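The structure under discussion appears below in the form of structure tokens.
The values are calculated or read from the model by the stated rules, or taken from the named source; none is laboratory data. Since the model is a prediction, treat every value here as computed from it, not as a measurement. Counting neighbours? That spans all protein chains shown, and the Cβs are built from the backbone with ideal geometry, glycine included.
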Amino acid sequence: MAKSKNKKIPGWAWAVSGLLVGIVGAWIAVEYTVAINQPTNSGQPITAPQPAQNQAAVQQQQAQQQISQQEIANLKTENAQAQTTLAQQQAEIAKQQELSQLFTIGNTLQDYYNKIRDAQNLGSASCSYGSQCEVNFWAVLANNINSGTSYEGTYNSLTNQGNSGMYSDAAMAAGKQLDTLVFAPYAADVISTDSDAVKIKKILDFIDANLTYERDMQETPRAPAETLGLRSGDCKSYSILASAAFSVAGVHSAVMQVENASGTLGHAMVLVQSSENLPLSESYSDLTSVGLPAGRWWVIEPQYTYEEQQQHPDWFSQWKLVHAAQVALRG
């Protein structure tokens, strides 16, 4: 009986089988990788956050930084506004301090004006209330009783001659006070190049903001310094002050007395003359009949602001002019 021969496995077979094993192993690895990256039963991925999620987080952080920067900017703005408000308050305090000094009248000057009024003898037969004499005296007060006038001489004759210079100095100081009122930035703030309309507006606004109208039962016409010191006045004192301020500013002015149609009520107001066509309610084409220079004169109620002059035509139309006196131009 013949022996069977053992068959040897060729090498190529081993190579093929190894290749097959490798392929199977690679396929198993791919399937596993796909499996672990699939969503779970809850629908949520089990992998780390994707780039889109990282970008959202960065954007949120940037937004928070922008909010912080805006808050800082807001704080800086609020601080700047607070500093501006503080500066404005300090400026207002300084202004009021300056005005307080401006509105102060000393005993010497007050005594001076009292003696001048006594010398004028207002209310007497020679200078009765409501007469041309009294209106002329209003203009003298508006002119600050310039040195060398008969009033100055009369006053000096009633006082100690050795002190006459002191009173003249007080009157000069009052004139400088009025100059300050007209031109100081913290007061009327008139500029020499302003039009007449602007000058009038600034002065009326200043009077309206700083003075209060009060009746004077004694019917005392007061000089500008007195009215400023009291911070109040009646129609005569308002008119004397306003006309004096206009003249300092370079606007031709006059004081006038008016009365109603029946002659039972008297009042004082101001007249101004200008080459400009002023937008005021009432005017006269000529007043040479009452001693004023030829030309048009506009009527101003010194208790009104510039704008209010046009808003009350009925107020002006009720009055008729009786007397007027020009105030010397000082501007």
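Against the condition buried (at least 19 other Cβ atoms within 10 Å of the Cβ) and in contact (Cβ under 8 Å) with a residue 40 or more places away in the chain, how does Val251 come out, does it pass?
Considered against the rule, which asks whether it is buried (at least 19 other Cβ atoms within 10 Å of the Cβ) and in contact (Cβ under 8 Å) with a residue 40 or more places away in the chain, Val251 comes out as yes.
Report, by residue number, each residue of region 316-330 that is surrounded by 16 or more Cβ atoms within 10 Å (Cβ to Cβ) and either in contact with a Ser or Thr (Cβ under 8 Å, 6 or more places away or on another chain) or farther than 27 Å from Thr288 by Cβ (or both).
Listed by number, the residues that qualify are Phe316, His323, Gln326, Val327, Arg330.
I'd like to know if region 283-293 contains one or more residues that are touching a residue at least 12 places away in the same chain (Cβ under 8 Å), farther than 14 Å from Ala242 by Cβ and touching a Gly at 6+ places or on another chain (Cβ under 9 Å).
Yes, region 283-293 contains a residue that is touching a residue at least 12 places away in the same chain (Cβ under 8 Å), farther than 14 Å from Ala242 by Cβ and touching a Gly at 6+ places or on another chain (Cβ under 9 Å).
Residues in region 112-134 that are of a type in the set (Val, Ile, Thr) and under 19 Å from Glu259 (Cα atoms): how many?
Residues in region 112-134 being of a type in the set (Val, Ile, Thr) and under 19 Å from Glu259 (Cα atoms): 0 in total.
Inspect region 222-233 for any residue being more than 18 Å from the chain's Cα centre (by Cα), assigned to a strand (DSSP E or B) and more than 13 Å from Leu271 (Cα to Cα) and give the result as yes or no.
Yes; the residues of region 222-233 include at least one that is more than 18 Å from the chain's Cα centre (by Cα), assigned to a strand (DSSP E or B) and more than 13 Å from Leu271 (Cα to Cα).
Being among the polar types (S, T, N, Q), out of contact with any Leu (no Cβ under 6 Å at 6 or more places or on another chain) and modelled with pLDDT of 75 or more narrows it down to one of Gln101, Gln55, so name that one.
Of the residues listed, the single one that is among the polar types (S, T, N, Q), out of contact with any Leu (no Cβ under 6 Å at 6 or more places or on another chain) and modelled with pLDDT of 75 or more is Gln55.
Has region 303-325 got any residue that is closer than 16 Å to Ala142 by Cα and hydrophobic (A, V, I, L, M, F, W, C)?
Within region 303-325, one or more residues are closer than 16 Å to Ala142 by Cα and hydrophobic (A, V, I, L, M, F, W, C).
Are there strands (runs of 3 or more DSSP E) fully within region 247-331 with at least 1 residues that are over 33 Å from the mean Cα position of the chain (by Cα) and at pLDDT 95 or above? List them.
Answer list for region 247-331: 252-259, 320-327.
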